[in-house]
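One structure is given here, and the rest of the page talks about it.
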Amino acid sequence: MSADDFSGPAVNGPEARAAQRAEFLDVRLRMNGCDEASFSRALLLVAELDGIDDVARACGVGTEFMRRQLNGTRPLHFDSVLQVTRALGVQLRVEALPDRPR
């Protein structure tokens, strides 16, 4: 084996963690019961695991404000979603659904 056999992001490196965060949030968005509150709480969980102080700072708000904003009890504004996802190093994407009935 050579070092080339292990190319790609480190198992616990920043790229791998961003990929894990993206996968976690993507799964939540695809769930049938996903709504604003559940996605908001998923964002909060990921922000907490990533270091909410850094995420809040990147969004230009305080940590407690970030927690209140993402706890699922307040309306989640799309600009907040974009700010938080960018701070987490992930992005949202839109894709067509497979043949859905009309």
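Numbers below:
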read-out: Counted residues, region 57-101 - those being assigned to a helix (DSSP H, G or I) and of a type in the set (A, V, I, L, M, F, W, C); value: 11
read-out: Test: residue in region 65-87 that is surrounded by fewer than 19 Cβ atoms within 10 Å (Cβ to Cβ), farther than 14 Å from Leu25 by Cβ and of a type in the set (A, V, I, L, M); value: no
read-out: Qualifying position, being modelled with pLDDT of 90 or more and loosely packed, with under 13 Cβ neighbours inside 10 Å, among Val11, Val27, Val94; value: Val27
read-out: First in region 42-56 and in a helix (DSSP H, G or I), second anywhere and surrounded by 22 or more Cβ atoms within 10 Å (Cβ to Cβ) and β-branched (Val, Ile, Thr), Cβ under 8 Å, 6 or more apart; value: Leu43/Val84; Ala47/Val55; Ala47/Val84; Val55/Val84
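The values are calculated or read from the model by the stated rules, or taken from the named source; none is laboratory data. Note that this is a predicted model, so its numbers are computed, not measured. Neighbour counts run over all protein chains shown; Cβ positions are idealised from the backbone, glycine included.
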